[in-house]
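**Q** I'd like to ask you about the structure that follows.
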Amino acid sequence: MIKNNPFDSALSQLKIAASKIDLDPNFLKILSEPERIIELKIPFKKDDGKFELVSGYRVQHNNLLGPYKGGLRYSKGVDDNEVKALAFWMMIKNAVVDLPFGGGKGGLQIDPKTLSQNELERLTREFAKKLSFNIGPKIDVPAPDMNTNPQIMDWFENEYAKVTGDKSKAVVTGKSLQNGGSEGRTEATGLGGFFVLEEFLKKMNMQKPLTVAVQGFGNVGSNFALQLWKNGYKIVAVSDLAGGIYNSSGEGFNVPLVKECKEQKGLFANCYCIGTVCDLADKKKGNITNEQLLELPVDILIPAATESVITKDNADKIQAKVVFEMANGPTTPEADEILNKKAVIVVPDVLANSGGVTVSYFEWLQNMNNQHWDLEKVNSSLKEKITKAFLDIWDIHVSQKVDLRTAAFILALKRLQQKNF
Ligand code: GLU
């Protein structure tokens, strides 16, 4: 199978929205190209003394609205096209939530599970060293993404300070609380998604109980599932890299127990018959593949893992009424078209998962102003900002009769256009 190029997908989405508002072709051209692509070969020493070269990237797509902003991911799938697409989507996402940031993204082409903790630290510090003169609180502000976390952000910030002498904590967000991180940042993507989903369901007149399948159980998928579980949704399927578990009885899993099992056993596949998930699944549990999870008869499907999982090859088999994108770029433009025809509504990534970068913005603000907000202030500010973005998008969706992704892009393009030269 030919690998889908996510950057092509991103540009198709851009063109569709641009055509609806007659965007100036020159401006369209500017938005279609990253301003800077930093490609690195990072040498680092393994515990056995051998050296390895790891490919690293930082793409600074556009800074019309403010410093480049976006995460760093560590994964084997990282390459230039993936990072270019993700940096582009960050530009749109930040504009959608009305943050004073442009779009950026970076990563290392490595599976961090193959590294010891010491190796992970050494590699991260080497990466930070090489990027130090291209980032800064008012230049480019990295954050966590797939397989990266507050500890990695702390190492990154610390190395930046050593290299540049700049001790500002605002150079990186998603840090630990002890190191200038924000209350609520870890849960922010999940919580933001929950606020959007609740508003969306009101508009759709959809009422609980609703069944939900979640693909991916990293920081985003697990926190989102937990939030939904606490609020009466039935999480009937979850998965990780190796596959998933499904409760076909329609009874939802007890998400905290599922989370606990996953943490103890590493994979859902190992969660069978150890007296937790097994019992909860009411004997009708099933081991399912990630592909099967996407095609389950549920009300809401949540891709929360990686890009291009819903494509022209499986879009027709999606049975959910709503696809709620917590991953970045999970649906290809061809799949969007098929889902549209089937009246499956897609709530787009650039809105659904924007809670993470929104609280990153709050963290950046706190660091810049030497403040510490309490959790209540963080969460209520997140709710206000993300709800406003949803309502703005909904208005465009209704008034211009476009799908929600196109509406989100139109909102972002209008904000970017105002800053055009
Ligand atoms: N990696 C997250 C995203 O894709 C958060 C980025 C950030 O906080 O800067 O939105």
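The values are calculated or read from the model by the stated rules, or taken from the named source; none is laboratory data. What you are looking at is a predicted structure, and each value in this text was computed from that prediction instead of being measured. In this analysis, Cβ positions are derived from the backbone assuming ideal geometry, glycine residues included, and neighbour counts consider all displayed protein chains.
**Q** Quick check on segment 198-208. Is at least one of its residues among the aliphatic types (A, V, I, L, M) and buried (at least 24 other Cβ atoms within 10 Å of the Cβ)? It would help to see each step written out before you state the result.
**A** Going residue by residue through segment 198-208, those that are among the aliphatic types (A, V, I, L, M) are 201, 204, 206.
The next check asks that each one be buried (at least 24 other Cβ atoms within 10 Å of the Cβ); those that pass are none.
No, segment 198-208 contains no residue that is among the aliphatic types (A, V, I, L, M) and buried (at least 24 other Cβ atoms within 10 Å of the Cβ).
**Q** Being within 13 Å of the ligand (Cβ to nearest atom) and either touching a residue at least 40 places away in the same chain (Cβ under 8 Å) or not in a loop (DSSP other than H, G, I, E, B) (or both): is that true of ASN147 here? Before you say what the answer is, go through the steps one by one.
**A** Working: within 13 Å of the ligand (Cβ to nearest atom): yes; either touching a residue at least 40 places away in the same chain (Cβ under 8 Å) or not in a loop (DSSP other than H, G, I, E, B) (or both): yes.
For ASN147, the condition - within 13 Å of the ligand (Cβ to nearest atom) and either touching a residue at least 40 places away in the same chain (Cβ under 8 Å) or not in a loop (DSSP other than H, G, I, E, B) (or both) - is met.
**Q** Tell me whether segment 125-142 contains one or more residues that are within 12 Å of the ligand (Cβ to nearest atom), closer than 30 Å to GLU376 by Cβ and modelled with pLDDT of 95 or more.
**A** Yes, segment 125-142 contains at least one residue that is within 12 Å of the ligand (Cβ to nearest atom), closer than 30 Å to GLU376 by Cβ and modelled with pLDDT of 95 or more.
**Q** I'm trying to understand the selection: among the residues of segment 112-123, which are more than 16 Å from the ligand (Cβ to nearest atom) and not small (Gly, Ala, Ser)?
**A** LYS113, THR114, LEU115, GLN117, ASN118, GLU119, LEU120, GLU121, ARG122, LEU123
**Q** Pull up segment 215-272, narrow it to residues that are of a type in the set (Asp, Glu) and part of a helix (DSSP H, G or I), then point me to the one that is surrounded by the fewest Cβ atoms within 10 Å (Cβ to Cβ). Reasoning before the result, please.
**A** Of all residues in segment 215-272, those of a type in the set (Asp, Glu) come to 240, 251, 260, 263.
Filter once more, so that each one left must be part of a helix (DSSP H, G or I): 260, 263.
Values: GLU260: 14, GLU263: 10.
Here the residue is GLU263.
**Q** Which of the following residues is free of Cβ contacts under 8 Å to residues at least 12 places away in the same chain and among the basic types (Lys, Arg): LYS388, LYS341, LYS317? Walk me through it before giving the result.
**A** Numbers: LYS388 fails: free of Cβ contacts under 8 Å to residues at least 12 places away in the same chain; LYS317 fails: free of Cβ contacts under 8 Å to residues at least 12 places away in the same chain.
It is LYS341.
**Q** Yes or no: SER182 within 11 Å of the ligand (Cβ to nearest atom), out of contact with any Lys or Arg (no Cβ under 6 Å at 6 or more places or on another chain) and in contact (Cβ under 8 Å) with a residue 60 or more places away in the chain? Even if it seems obvious, please write down each step before you answer.
**A** Details: within 11 Å of the ligand (Cβ to nearest atom): yes; out of contact with any Lys or Arg (no Cβ under 6 Å at 6 or more places or on another chain): yes; in contact (Cβ under 8 Å) with a residue 60 or more places away in the chain: yes.
It is true that SER182 is within 11 Å of the ligand (Cβ to nearest atom), out of contact with any Lys or Arg (no Cβ under 6 Å at 6 or more places or on another chain) and in contact (Cβ under 8 Å) with a residue 60 or more places away in the chain.
**Q** Do we have any residue at all in segment 378-385 that's under 18 Å from LEU14 (Cβ atoms), in contact (Cβ under 8 Å) with a residue 60 or more places away in the chain and β-branched (Val, Ile, Thr)? Can you show your working first?
**A** Residues of segment 378-385 that are under 18 Å from LEU14 (Cβ atoms), as a first pass: none.
The answer is no; no qualifying residue exists.
**Q** While we're looking at this one, here's another question. Give me the pairs, please: first residue somewhere in segment 39-61 and on the phi < 0 side of the Ramachandran plot and assigned to a loop (DSSP other than H, G, I, E, B), second residue anywhere and surrounded by 12 or more Cβ atoms within 10 Å (Cβ to Cβ) and charged (D, E, K, R), beta-carbon distance under 8 Å, and either six or more positions apart or on two chains.
**A** Qualifying pairs under 8 Å: LYS46/GLU52; LYS46/GLU119; ASP47/GLU119.
**Q** Identify, from the list ALA352, ALA305, ALA335, the residue that is within 16 Å of the ligand (Cβ to nearest atom) and either crowded, with 24+ Cβ neighbours inside 10 Å or of a type in the set (S, T, N, Q) (or both).
**A** Numbers: ALA305 fails: either crowded, with 24+ Cβ neighbours inside 10 Å or of a type in the set (S, T, N, Q) (or both); ALA335 fails: within 16 Å of the ligand (Cβ to nearest atom).
Checking each option against the conditions leaves just ALA352.
**Q** Show the residue pairs that are 6+ apart or on different chains and have beta-carbon atoms under 7 Å apart, the first residue being within segment 159-178 and within 16 Å of the ligand (Cβ to nearest atom), the second being in a helix (DSSP H, G or I) and among the acidic types (Asp, Glu).
**A** LYS169/GLU157; VAL171/GLU157; VAL172/GLU157; THR173/GLU363; LYS175/ASP154; LYS175/GLU157; SER176/ASP154
**Q** Related question: Could you list, in sequence order, the residues of segment 89-111 that are within 12 Å of the ligand (Cβ to nearest atom) and either touching a Phe, Trp or Tyr at 6+ places or on another chain (Cβ under 7 Å) or not in a helix (DSSP H, G or I) (or both)? Working first, answer last.
**A** Narrowing segment 89-111 to residues within 12 Å of the ligand (Cβ to nearest atom): 89-94, 96-97, 99, 101-107.
Residues satisfying the conditions are ILE92, ASN94, VAL97, LEU99, PHE101, GLY102, GLY103, GLY104, LYS105, GLY106, GLY107.
**Q** Among all residue pairs at least 6 apart or on different chains, which show Cβ distances below 7 Å where the first residue, located in segment 11-27, is within 11 Å of GLN417 (Cβ to Cβ) and the second is surrounded by 14 or more Cβ atoms within 10 Å (Cβ to Cβ)?
**A** Pairs found: ALA18/LEU28; ALA18/LEU413; ILE21/ILE410; ILE21/LEU413; LEU23/LEU413; PHE27/GLN417.
**Q** Can you tell me which of GLY71, GLY77, GLY56, GLY49 is within 12 Å of the ligand (Cβ to nearest atom) and small (Gly, Ala, Ser)? Walk me through it before giving the result.
**A** Values: GLY77 fails: within 12 Å of the ligand (Cβ to nearest atom); GLY56 fails: within 12 Å of the ligand (Cβ to nearest atom); GLY49 fails: within 12 Å of the ligand (Cβ to nearest atom).
None of the others qualify; the one that does is GLY71.
**Q** LYS202 is checked against (1) closer than 16 Å to SER381 by Cβ; (2) part of a helix (DSSP H, G or I) and fails just one. What number does that condition carry?
**A** (1)
**Q** Identify the residue in segment 375-421 that is over 25 Å from PRO67 (Cα atoms) and of a type in the set (D, E, K, R) and, among all such residues, is nearest to the chain's Cα centre (by Cα).
**A** Let us first name the residues in segment 375-421 that are over 25 Å from PRO67 (Cα atoms), namely 375-376, 391, 394-404.
Filter once more, so that each one left must be of a type in the set (D, E, K, R): 376, 395, 401, 403.
On the way: GLU376: 23, ASP395: 24, LYS401: 27, ASP403: 20 Å.
The selected residue is ASP403.
**Q** Based on this model, can you work out whether VAL346 counts as out of contact with any strand residue (DSSP E or B) (no Cβ under 7 Å at 6 or more places or on another chain) and either in contact (Cβ under 8 Å) with a residue 40 or more places away in the chain or crowded, with 19+ Cβ neighbours inside 10 Å (or both)? Talk me through it step by step, then tell me what you get.
**A** Details: out of contact with any strand residue (DSSP E or B) (no Cβ under 7 Å at 6 or more places or on another chain): no; either in contact (Cβ under 8 Å) with a residue 40 or more places away in the chain or crowded, with 19+ Cβ neighbours inside 10 Å (or both): yes.
No; evaluated as a whole, the condition is false for this residue.
**Q** Please find, among LYS76, LYS15, LYS41, LYS93, the residue that is surrounded by 17 or more Cβ atoms within 10 Å (Cβ to Cβ) and of a type in the set (Lys, Arg).
**A** On the way: LYS76 fails: surrounded by 17 or more Cβ atoms within 10 Å (Cβ to Cβ); LYS15 fails: surrounded by 17 or more Cβ atoms within 10 Å (Cβ to Cβ); LYS41 fails: surrounded by 17 or more Cβ atoms within 10 Å (Cβ to Cβ).
That would be LYS93, the only listed residue that is surrounded by 17 or more Cβ atoms within 10 Å (Cβ to Cβ) and of a type in the set (Lys, Arg).
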